[in-house]
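Reading through the C-alpha cells given below for one structure.
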Amino acid sequence: LLLLVVVGVLAGFYYVTTRDSLTEAANQTLLAAARTSVSNLRDFRGTNSSFLTLEVAARQSLITSYLNLPAEERSGNQIEVALRAEFASLANQRNILSYALSDRQGKILINSSTPQEEIGSLPEGFDLALTDPLYLNNILLTGLPYVSPVIFGSVFDQPVIFFATRVSDAEGIPIGIV
C-alpha cells in the first residue's frame, strides 16, 4: 500500500512538473511569435503611413484643385474623374483596399472602391466614425498621419488597418483628408 501511495505521489508530481514545463515552453513560443508580429506590424504601419504621406504630396495639386472647387461643381468634373482614376491606380499597385478623400467635416467625396453614386460613408462594421471630432481634430490640427488599430471582424475578409493624412492648401490650411 505504501508503495502505491509513493508511486501515486511520484506520478502526480511528474504530471504537474511536465504540465508546467510544457505550458512554460508554449508560453515562451507564443511570446516570441507575438513579439515578432508586433515588430512586423510596427514596420508595416510606419512604412505604409509614410507612403500615404508621399502619395498625397505627389498628388497635392490635383487633390487641392478638387477640394477647392465649389461643392456643386465637383460631381462629374474632369478633376474628379482624374482623381478617382489616380486613387484606383494606386490601390491596384499595392495591397490597398481603397483610397478615399473626405472634406474637413469627414464627408467622403471620392472612394476608389465605391461607385460615385454610393459614396457617403465607410462600409458598415468598419468601426471608425469619420465625423468623430476627436478623429478629425487629431488629423486636421496636428498634421500627423493617423494609423488605426488593427480592425478585426469588420465587413472585410481580413484584418485591416486604416491610414489617413491631412491635405492642406498652399497656405497650410487643412482642407481635407485622404
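Which residues' amide hydrogens lie under 5 Å from the amide hydrogen of Leu109, considering only partners 5 or more residues apart or on another chain, with H built in the peptide plane?
Leu101, Ser102, Asp103
Could the peptides 71-79, 140-148, 161-169 be put in order, highest first, of the mean number of other beta-carbon atoms found within 10 Å of their residues?
Result, highest mean Cβ count within 10 Å first: 161-169, 140-148, 71-79.
Determine ³J(HN,Hα), in whole Hz, for all residues of region 140-146 in sequence, where each value follows from phi through the Karplus function 6.51 cos²θ - 1.76 cosθ + 1.60 and θ = phi - 60°; x replaces Gly and Pro.
5, 7, 7, x, 7, x, 9
Every read-out reported here was derived from the displayed coordinates using simple, explicitly stated rules and does not represent laboratory data. This is a predicted model, so every value here is computed, not measured. Backbone-built Cβ (ideal geometry, glycine too); neighbour counts: all protein chains shown.
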